[in-house]
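Below: one structure, written as structure tokens.
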Amino acid sequence: FYFQFSADGGSSWLVGNYGACAGYDGGVNLRSAGFTGASYVTLADSVGNGTGIGVSGPLYLIDPNPSATHPQVRWDFATISSIGSNLPMGQSGGGSRNTSSTVDAVRFSYASGNIADGEIRMYGMKDS
């Protein structure tokens, strides 16, 4: 389950210079990973695609608009693993695009296929 920023209202997606550190527990296996220079942020790994299986939890955009900062994201998800016996997993982490830019759109996607069902709710704060 992937995440990208856009600086032109979603006409194109900022590719490259993403970095993150994430960890997850897939039943009995605690894993962690860090990466830099990626084309996107991996929010959840090895997510199953069966009926009733998906990704759930909060994701926070941290100060996405000032052009002098690197846009950041933080998440804490519950998923069902596609590995083994569909074990429940907790997946959390934080990441950023390591280039300053003003963000005005975000995209969620999978490595292959589409998001077939469900909803993503976005809440925000309006500048005064």
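No lab work stands behind these numbers, since they all come straight from the coordinates. No experiment lies behind these values; they were computed from the predicted model shown. We place every Cβ from the backbone using ideal geometry, glycine too, and count neighbours over all the protein chains shown.
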*Inter-label distance for S12 and Y60, nm, one decimal - labels placed 7 Å from Cα along Cα-to-Cβ*: 3.2
*Using the Cα centre as the reference, give the magnitude of the dipole from point charges on the C-beta atoms of the chain (Lys, Arg: +1; Asp, Glu: -1; all else neutral), rounded to the nearest 20 debye.*
120
_Suppose the chain between I53 and S82 were pulled fully straight at 0.36 nm per residue; how much longer would it get relative to their current alpha carbon spacing?_
9.5 nm
